[in-house]
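**Q** Sharing a structure, written as structure tokens. Questions coming.
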Amino acid sequence: MAYPYRHERETRVLSEHFGDPEARTLEGWKKRGGYAALKTALGMAPNEVVDIVKNSGLRGRGGAGFPTGVKWSFMPKDDSRQSHYFLINADESEPGAFKDRELCRWTPHQLIEGAMIGAHAIRAKHVYIYIRGEFFEPAQIIGRAIEEVYAAGIAGPDAMGSGISIDVTLHLGAGAYICGEETALMNSLEGRRGQPRIKPPFPAVMGAFSKPTTINNVETVCAVPHIITNGADWYRQWGTEKSPGTKLFNMSGHLVRRGNFELPLGFPLKDLIYDVCGGIRDGRKLKAVIPGGSSVPILAADEIDIAMDYESVAAAGTMLGTASVIVMDDQTNMVKQVRRMVEFYAHESCGQCTPCREGTQWLARILRRIEDGYGRQEDLDQLLEIGTNMTGTTICVLSDSAAAPVASSIAKFKDEYLALIRRAEPAAAAV
Ligand SMILES: Cc1cc2nc3c(=O)[nH]c(=O)nc-3n(C[C@H](O)[C@H](O)[C@H](O)COP(=O)(O)O)c2cc1C
Ligand code: SF4
């Protein structure tokens, strides 16, 4: 399959230039209309920029779907600029997610342009792009793009001749999933241990370096130049009233075609799997779908008749999250898959909160025991009880994320657990 594969039902806005190396350079980006939106935004008052983004209905693509313009409006309105920071979250470590690295790799100037517009909107003098350290190629490409914008006078003390000072710095993380959580990212950026902070205070009051800070995901920020150029109504032509715009769907698992596909929010999940991605590979049957990255509850095959927007996916009892769709066929061992996900969270827990530190380890151990043939009937209740104690009781939601697939898989694939336990009972009785 040639990269990038394009499906006729795609609406490519952010990903239009994927696969085009010329679009990575400043000259190439400018030829494609780049930095016109920044020029326009720098000529506007910060509040005007915030209002356009608010009216567009753009929602954060980092997982929670919080309205971006509303988030920007929380920042103090003083004009000192010295003391505000805009952080770009390019940590992307969620299993199933692989969109931000592609945006960084193919369209670094789209990201920098969006980041500088955001900085102006929240009156920040400094943008930090925090990227996961293992993303060697995307980091190199962004680094080069930053050099280009400084040399061209786009970034720096007099951004595009506007008299406004905006600096852009690239910061490499060390590859810890928890450093994608916004306050852990701030600690890491400051050179501290990457552990989430208790909120309040919220970042808009006291964030990076103890100053008012806004943080946004790469994909969120990449949408901003298009909104400034074309207007809020243009952006609202796609999606639904509450979930407008296009979204990169990261499709992985047992599919004929995998990869990133940009589609309007509200696109039917069934069409995404069977039309855009060509269905289940090797003619097999669908068993389960994780619609929003490994942190969200699992859907069974008979639950996929839903639209992929924030509200519809929530109504189905799960979450759109990062729209990282993991598709599993009928040969998948669900207990094994869930155990592998839980082990990931157990490894990545920062260890501050007892329910998370202990709970993730216990979930992993019990799941491993069931898988290894030593499961007991009471294990399922115990898994659910541990999960309940891990939910809503900790500093960040990593703990909830580990518990969600366990509870949903027991609810929907209990027979698989029971089959392993029944087979195990003679072995368990012998020890
Ligand atoms: C454990 C954990 C990991 C996270 N990892 C990421 C990440 O890699 N990238 C990201 O953008 N957001 C991540 N988030 C969400 C961020 O905390 C934050 O909500 C997001 O960057 C805000 O941007 P948005 O409003 O544009 O979505 C993570 C959250 C948690 C709890
Ligand atoms: S929930 Fe887990 S990862 Fe989050 S702060 Fe607590 S211990 Fe750390």
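The values are calculated or read from the model by the stated rules, or taken from the named source; none is laboratory data. Since this is a predicted model, take the numbers as computed values, not measurements. Cβ sites come from the backbone with ideal geometry, for glycine too, and all protein chains shown count toward neighbours. Ligands, DNA and RNA are excluded from the accessible area calculation, which covers all protein heavy atoms including side chains. Shrake-Rupley method; radii C 1.70, N 1.55, O 1.52, S 1.80 Å.
**Q** Is it the case that SER83 is in the same structural domain as ILE164 (by TED's automatic domain parsing) and more than 13 Å from ligand 1 (Cβ to nearest atom)?
**A** Considered against the rule, which asks whether it is in the same structural domain as ILE164 (by TED's automatic domain parsing) and more than 13 Å from ligand 1 (Cβ to nearest atom), SER83 comes out as yes.
**Q** GLN110 is checked against (1) of a type in the set (S, T, N, Q); (2) open to solvent by 10 Å² or more (accessible area, probe 1.4 Å); (3) within 25 Å of THR229 (Cβ to Cβ) and fails just one. What number does that condition carry?
**A** (2)
**Q** Provide a single number: the residues in region 154-171 that are β-branched (Val, Ile, Thr) and either near ligand 1 (Cβ under 10 Å from one of its atoms) or open to solvent by less than 20 Å² (accessible area, probe 1.4 Å) (or both).
**A** So the count comes out to 3.
**Q** Kindly check whether there is at least one residue in region 198-216 that is open to solvent by less than 10 Å² (accessible area, probe 1.4 Å), polar (S, T, N, Q) and out of contact with any Pro (no Cβ under 6 Å at 6 or more places or on another chain).
**A** Within region 198-216 (the criterion being open to solvent by less than 10 Å² (accessible area, probe 1.4 Å), polar (S, T, N, Q) and out of contact with any Pro (no Cβ under 6 Å at 6 or more places or on another chain)), the answer is yes, since at least one residue qualifies.
**Q** Six or more apart or on different chains, Cβ under 9 Å: which pairs go from a residue in region 220-235 that's in contact (Cβ under 8 Å) with a residue 60 or more places away in the chain and small (Gly, Ala, Ser) to one that's more than 16 Å from ligand 2 (Cβ to nearest atom) and assigned to a loop (DSSP other than H, G, I, E, B)? Could you list them?
**A** From residues that are in contact (Cβ under 8 Å) with a residue 60 or more places away in the chain and small (Gly, Ala, Ser), the pairs are ALA223/VAL13; ALA223/LEU14; ALA223/LEU58; ALA223/ARG61; ALA223/GLY245; ALA232/GLY57; ALA232/LEU58.
**Q** Restricting attention to region 21-37, which residues are outside any helix (DSSP H, G or I) and either within 24 Å of the chain's Cα centre (by Cα) or crowded, with 19+ Cβ neighbours inside 10 Å (or both)?
**A** Let us first name the residues in region 21-37 that are outside any helix (DSSP H, G or I), namely 25, 32-35.
Correct list: GLY34, TYR35.
**Q** In region 65-92, what count of residues is obtained for those that are crowded, with 17+ Cβ neighbours inside 10 Å and part of a strand (DSSP E or B)?
**A** 6
**Q** Mind checking which residues of region 355-395 are assigned to a loop (DSSP other than H, G, I, E, B) and open to solvent by less than 10 Å² (accessible area, probe 1.4 Å)?
**A** GLY375
**Q** Given the criterion in the same structural domain as ARG61 (by TED's automatic domain parsing) and open to solvent by less than 10 Å² (accessible area, probe 1.4 Å), identify the matching residue among GLU181, GLU190, GLU219.
**A** Details: GLU181 fails: open to solvent by less than 10 Å² (accessible area, probe 1.4 Å); GLU190 fails: open to solvent by less than 10 Å² (accessible area, probe 1.4 Å).
Selected residue: GLU219, the only one of GLU181, GLU190, GLU219 that is in the same structural domain as ARG61 (by TED's automatic domain parsing) and open to solvent by less than 10 Å² (accessible area, probe 1.4 Å).
**Q** Picking from GLY293, GLY279, GLY259, GLY245, which residue would you name as being on the phi > 0 side of the Ramachandran plot and at pLDDT below 95?
**A** GLY293
**Q** Which pairs turn up if I take residues in region 372-401 that are closer than 25 Å to ARG422 by Cα and in contact (Cβ under 8 Å) with a residue 40 or more places away in the chain and look for partners that are near ligand 2 (Cβ under 9 Å from one of its atoms) and in a helix (DSSP H, G or I) with beta carbon separation below 9 Å, at least 6 apart in sequence or on another chain?
**A** Partner pairs satisfying both residue conditions: none exist.
**Q** Select from region 117-137 the residues that are out of contact with any strand residue (DSSP E or B) (no Cβ under 6 Å at 6 or more places or on another chain) and open to solvent by 10 Å² or more (accessible area, probe 1.4 Å) and write down the one among them that is nearest to TRP72 (Cα to Cα).
**A** Going through the qualifying residues, I end up with ARG123.
**Q** Let me ask something additional. When you go through ALA184, ALA151, ALA145, ALA174 one by one, which is the residue that is within 12 Å of ligand 1 (Cβ to nearest atom), small (Gly, Ala, Ser) and out of contact with any strand residue (DSSP E or B) (no Cβ under 8 Å at 6 or more places or on another chain)?
**A** On the way: ALA151 fails: within 12 Å of ligand 1 (Cβ to nearest atom); ALA145 fails: within 12 Å of ligand 1 (Cβ to nearest atom); ALA174 fails: within 12 Å of ligand 1 (Cβ to nearest atom).
Only one candidate passes the filter, namely ALA184.
**Q** Which one of ILE273, ILE304, ILE280 is free of Cβ contacts under 8 Å to residues at least 60 places away in the same chain and in contact with a helix residue (DSSP H, G or I) (Cβ under 6 Å, 6 or more places away or on another chain)? Give the derivation first.
**A** Working: ILE273 fails: in contact with a helix residue (DSSP H, G or I) (Cβ under 6 Å, 6 or more places away or on another chain); ILE280 fails: in contact with a helix residue (DSSP H, G or I) (Cβ under 6 Å, 6 or more places away or on another chain).
Matching residue, one of ILE273, ILE304, ILE280: ILE304.
**Q** Within region 326-341, does at least one residue satisfy the condition of being within 14 Å of ligand 2 (Cβ to nearest atom), aliphatic (A, V, I, L, M) and outside the structural domain of GLY253 (by TED's automatic domain parsing)?
**A** No, region 326-341 contains no residue that is within 14 Å of ligand 2 (Cβ to nearest atom), aliphatic (A, V, I, L, M) and outside the structural domain of GLY253 (by TED's automatic domain parsing).
**Q** Run GLY62 past the list (1) under 23 Å from PRO201 (Cβ atoms); (2) open to solvent by less than 30 Å² (accessible area, probe 1.4 Å); (3) within 11 Å of ligand 1 (Cβ to nearest atom) and report the number of the one that doesn't hold.
**A** Answer for GLY62: the failing condition is (2).
**Q** Specify which of the listed residues (ALA223, ALA184, ALA204) is more than 18 Å from the chain's Cα centre (by Cα) and closer than 20 Å to ARG61 by Cβ.
**A** Details: ALA223 fails: more than 18 Å from the chain's Cα centre (by Cα); ALA184 fails: more than 18 Å from the chain's Cα centre (by Cα).
Unique residue meeting the criteria: ALA204.
**Q** Tell me the residue from THR183, THR220, THR229, THR214 that is within 16 Å of ligand 2 (Cβ to nearest atom) and of a type in the set (S, T, N, Q), please.
**A** When all the criteria are applied, what remains is THR183.
**Q** So, one more: Quick check on region 347-364. Is at least one of its residues assigned by TED's automatic domain parsing to the domain that holds GLU416, in contact with a Phe, Trp or Tyr (Cβ under 9 Å, 6 or more places away or on another chain), closer than 16 Å to ILE410 by Cβ and within 16 Å of ligand 2 (Cβ to nearest atom)?
**A** Within region 347-364, one or more residues are assigned by TED's automatic domain parsing to the domain that holds GLU416, in contact with a Phe, Trp or Tyr (Cβ under 9 Å, 6 or more places away or on another chain), closer than 16 Å to ILE410 by Cβ and within 16 Å of ligand 2 (Cβ to nearest atom).
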